[in-house]
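Please read the structure below before turning to the comments.
The values are calculated or read from the model by the stated rules, or taken from the named source; none is laboratory data. None of these values were measured; they are calculated from a predicted model. Neighbour counts are summed over all protein chains in view; Cβ atoms, including those assigned to glycine, are modelled from backbone coordinates with ideal geometry.
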Amino acid sequence: MNGGEQIARVLRHQGVRFLFTLCGGHISPILVEAKKHGIRVIDVRQEPTAVFAADAVSRLTGIPGVAAVTAGPGVTNAVTAVKNAQMAQSPLVLIGGAPATALKGRGALQDIDQIGLFKTLTKWSAAIRRDCDIAPVLEEAFDAAVSGVPGPVFVECPVDLLYDPALVREWYAKEIGKPRNLRDRAIQWYLRRHVDKMFACSPKSLELAAKESIVPFALDTDAVAAAASRIRAAKKPVMIIGSQALLRVDRVGELARKLADFNMPVYLAGMARGLLGADHPMQFKHGRSKALKEADLVLIAGMPCDFRLGYGKSIGKKAFYIAVNRSASDLKKNRKPNLAVAADPGTFLLALTAQVRLEQHRLSEWLDRLRAGEQQGEEKITAFAAADTQYANPLSLCRSIDAALDDDSVLVGDGGDFVATASYILRPRSPLSWLDPGVYGTLGVGAGFALGAKLVRPEADVWLLYGDGASGYGLIEQDTFVRHNTPVITVIGNDAGWTQIARDQSVILGDDVGSVLRYNRYHEIAEALDAKGYLIDGENGVDDILRRAIQDSREGRPVLINALIGKTDYRKGSISM
């Protein structure tokens, strides 16, 4: 059994269905053996896409997604995607190829200190040095990825451990040839001994450990009771639920049902969008900052008080603040809670909703104020959506997309201004139906996220919403969508610029340098890659094009809609520091 087969056996044992990759000589046996073992190998056009796709699989299934990239540049190309996963607390496994063990540090092709590189980017990393370490190291990698605060892990596997031992011995023998002197014989002896140590496994050591589920965090029942007591007494409570609350994917459906009857006003952030469906009366999108300032109790489950919450200043000084988080540092970041609960937020909310059900009539005055803020937000959208703009109005376009969404649609956001606008208008219909980069704000996640989502949910309409700037990172992956029969619907909000940057740069600094693009013919690029391309260049025909795009996708063809949009002041002054 070669090393590639050992890796494939571990992946299959861990429930991995897809292996994302960009091929390279250092990892070929992994790909070949994974295919033999029934794992679908999805090859992409750039390494970040492979890692982003693995990230999406992790978020939607709870099972760490896996990417394999070749040594050196393949590994370094994956760095941003790995850091994004770390910031988003996504559990994934990155397998990196490496030069032969005997050549490490000797100037081999693409040889760098990969373990050192990933020290600050991953929860855990390891380099395999013997064949009997392959299975144990990979099994530990999967456990590390999902335990505690989840995150990415990195495993380096040298190329000489992936091939059959007999072939590797033959390669090393050819390096020396026939010994001509004492030095040659010494080197030959050293290499034989080196290979003997590499392939010292007994059959027993190749056995896979029993797979056990990891239950994150014990639940402090006193903390739940204390939170319940405070919530019952509150007159103006509000709750924010972040991505971390959805890490236990197996319980997300139950969480959605329990929260639907909880009757506590809630703002959903990140991956939590869609948790309560499209139109739950206790779910709010607008006026969050004002609500936090006026509330007498604030419960934040699964996100820290970072820039999104004004570094804690968004919460009123007199509010009783309850924080629930897996991360000890995030739990108290920027503002110390009155009640800090170190727990899995989803598990905590399930326990809390079992103890409390608020009565809406008791909160009627508070709810009226929140709904007034919600109405103001919707009226603002309506006003901007009715404005005349060059090409299509972006807010009107987003409303048309929302109207076209099916109940099981998955939305992927990758961009600045257009996607941020869409986040206020589009209504995810179900839990785990919204994917964005997370707190790191990385551009370029879209193609990989959409690819992973479509593989996990092949029957769902997967919508990839791009800004035209962000689309440049992943347009070539339309080829991947075609080759792997993953018919994603891509919409590019094309306003010929890096508009989120230009808004403030042009006003504050008086110059738009570096922020101007062109109204490019992105739909023709899609057609050149055998996807279907559509052009929207005005208000007429938008609904018809969306209907045709959905039909094309359901018939198996990837679609790209190049939507030329005008500019509005809807998000004026939105820069974050």
Which one of these is surrounded by fewer than 21 Cβ atoms within 10 Å (Cβ to Cβ) and touching a helix residue (DSSP H, G or I) at 6+ places or on another chain (Cβ under 6 Å): 166, 126?
126
Looking at (1) outside the structural domain of residue 468 (by TED's automatic domain parsing); (2) touching an Asp or Glu at 6+ places or on another chain (Cβ under 7 Å), which is the one condition that is false for residue 569?
(2)
Output the helices (runs of 4 or more DSSP H) that fall wholly within the stretch 495-577 and possess 2 or more residues being among the aliphatic types (A, V, I, L, M) and closer than 24 Å to residue 460 by Cβ, or say none.
542-554
Report yes if some residue within the stretch 486-500 is more than 16 Å from residue 533 (Cα to Cα) and of a type in the set (Gly, Ala, Ser); otherwise report no.
yes
How do the pairs read when you match residues in the stretch 86-97 that are under 16 Å from residue 302 (Cα atoms) with residues anywhere that are assigned to a strand (DSSP E or B), using Cβ under 7 Å and keeping only pairs 6 or more apart or on different chains?
86/152; 90/152
Residues that are small (Gly, Ala, Ser) and within 24 Å of residue 449 (Cα to Cα): which helices (runs of 4 or more DSSP H) entirely in the stretch 42-130 hold 3 or more of them?
47-61, 79-88
Of those in the stretch 338-372 that are touching a Phe, Trp or Tyr at 6+ places or on another chain (Cβ under 8 Å) and more than 20 Å from residue 262 (Cβ to Cβ), the residue surrounded by the most Cβ atoms within 10 Å (Cβ to Cβ) is 342
Restricting the stretch 17-43 to residues that are farther than 21 Å from residue 100 by Cβ and within 17 Å of the chain's Cα centre (by Cα), which is surrounded by the fewest Cβ atoms within 10 Å (Cβ to Cβ)?
18
Check 453, 460 and return the single one that is in contact with a Ser or Thr (Cβ under 7 Å, 6 or more places away or on another chain), closer than 18 Å to residue 555 by Cα and at pLDDT 95 or above.
460
Please find, within the stretch 98-123, the residue that is surrounded by the most Cβ atoms within 10 Å (Cβ to Cβ) out of those that are more than 30 Å from residue 243 (Cα to Cα), in contact with an Asp or Glu (Cβ under 9 Å, 6 or more places away or on another chain) and touching a residue at least 40 places away in the same chain (Cβ under 8 Å).
98
Please determine whether any residue of the stretch 488-499 is crowded, with 20+ Cβ neighbours inside 10 Å, among the charged types (D, E, K, R) and farther than 24 Å from residue 404 by Cβ.
no
Select from the stretch 424-452 the residues that are in contact with a Lys or Arg (Cβ under 9 Å, 6 or more places away or on another chain), part of a helix (DSSP H, G or I) and under 27 Å from residue 79 (Cβ atoms) and list them in ascending order.
447, 449, 452
Give the residue that is nearest to residue 447 (Cα to Cα), with candidates limited to residues of the stretch 20-41 that are small (Gly, Ala, Ser) and assigned to a loop (DSSP other than H, G, I, E, B).
24
